[in-house]
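A.B. asks: Here's a structure for you.
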Amino acid sequence: MNTFNDKSVYLFINGVVDRGFGNIIAGGVLQNQNGNGILGYNHYLGKCSTFEAELWGVLDGILILRSKGFTKAMIHIDNLEVARALHDGMLVDADITMLKRVQRIMRTDGQWSIRYILGENNLVADTLVKLSLEWESRLQIYDKAPNEVLDVLNKEQASGAFVSLV
């Protein structure tokens, strides 16, 4: 049974590796049920594993959602290993503190569902996160989408790529 309603949102998470320098950026895009962007964020992390970067994306997303008054979201992630670890509550590596922290928050604070998606269905988040490669800024939150992101979002909406899960 799907308990999401008109106050529910979708959070699309992505992590990107700068192949030239090995730096990693995580981020996400928050969309309403119609696929309209509400806000986006990216977080330059420097050097870490892609697994940890995806977890940072989830953690930042949940904390931002909570600060905006949301307590419920369907979180889409294109990293199957992270999606499984968060969905099943399994500890892939007991030494990953970030995994434990995200799992604890998801269990105790709000209603957060995890869904694995293919990378090609995560282009808006991918585009936003890649912008941080150029800026190397810590956490940045966008209430207004950059033009590059709007272009991708408009293309997805026009092609019907965003499918409401409600």
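A.B. asks: Taking the conditions exactly as written (over 16 Å from SER49 (Cα atoms) and at pLDDT 85 or above), does LYS72 satisfy them or not?
C.D. replies: Taking the combined requirement at face value, the residue satisfies it.
A.B. asks: Cβ contacts < 6 Å: first residue farther than 18 Å from GLY119 by Cα and assigned to a strand (DSSP E or B), restricted to the range 36-54; second residue acidic (Asp, Glu) and open to solvent by 40 Å² or more (accessible area, probe 1.4 Å), any location; separation 6+ or different chain. Result?
C.D. replies: LEU39/ASP143; TYR44/GLU136
A.B. asks: Then there's this: For the range 57-68, check the following and say yes or no: at least one residue is in a loop (DSSP other than H, G, I, E, B), among the polar types (S, T, N, Q) and modelled with pLDDT of 85 or more.
C.D. replies: Within the range 57-68 (the criterion being in a loop (DSSP other than H, G, I, E, B), among the polar types (S, T, N, Q) and modelled with pLDDT of 85 or more), the answer is no, since none of the residues qualifies.
A.B. asks: Go through the range 38-77 and give me each residue that's surrounded by fewer than 19 Cβ atoms within 10 Å (Cβ to Cβ) and small (Gly, Ala, Ser).
C.D. replies: GLY46, SER49, SER67, GLY69
The values are calculated or read from the model by the stated rules, or taken from the named source; none is laboratory data. As the structure is a computational prediction, the values presented were derived from the model and not from experiment. When we count neighbours, we look across all protein chains shown, and the Cβ atoms used for this are built from the backbone with ideal geometry, even at glycine. For the accessible areas, the whole protein counts, side chains as well, though only heavy atoms, and no ligand, DNA or RNA atoms are used. Shrake-Rupley method; radii C 1.70, N 1.55, O 1.52, S 1.80 Å.
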